[in-house]
Amino acid sequence: MMAAAALVVCGVTAFYTHRAAHGRTAQERAAYAIGEKAGEEAPAGAELPTDADLNMMAQKYFKQQGSGEQQSWDLAFENGYADGFNKTHHRE
C-alpha cells in the first residue's frame, strides 16, 4: 500500500514538474508553444539567434498583450524558440 502511494505521489510530482518547465501560467505555456513553433519553422541552415534577438522577437509577438507579466511571456517564448530550433536544426 505504501509503495502504491509513493508511486502516485512521484507520478503527480513528475507531471507538475514537467508542466511547469514550460511556464507556470497558461499564458506562459502559450508563449512557450508559440516560441517553439517559431523555432521549428526557422529556415534550414539558420543559426540560433542571440539572446538579444530572441528578446526582440518575443517583444514583437507579444506587443499587443496588455496585461500580465511581459517578462515572463518573453522568457517563455525565448525558451520555446530555442527548444523548437534545436529539435529541427541538429548540430553536429
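At-a-glance table
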{"read-out": "When residues of the stretch 38-52 are limited to those that are of a type in the set (G, A, S) and assigned to a helix (DSSP H, G or I), the one surrounded by the fewest Cβ atoms within 10 Å (Cβ to Cβ)", "value": "A52"}
{"read-out": "Tally, over the stretch 5-37, of residues that are basic (K, R), at pLDDT below 80 and in a helix (DSSP H, G or I)", "value": "1"}
{"read-out": "Condition broken by F62, with the remaining ones in (1) exposed (fewer than 13 other Cβ atoms within 10 Å of the Cβ); (2) touching an Asp or Glu at 6+ places or on another chain (Cβ under 8 Å); (3) modelled with pLDDT under 80 satisfied", "value": "(1)"}
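The values are calculated or read from the model by the stated rules, or taken from the named source; none is laboratory data. Bear in mind the structure is a predicted one, so any value in this text is a computation, not a measurement. Counting neighbours? That spans all protein chains shown, and the Cβs are built from the backbone with ideal geometry, glycine included.
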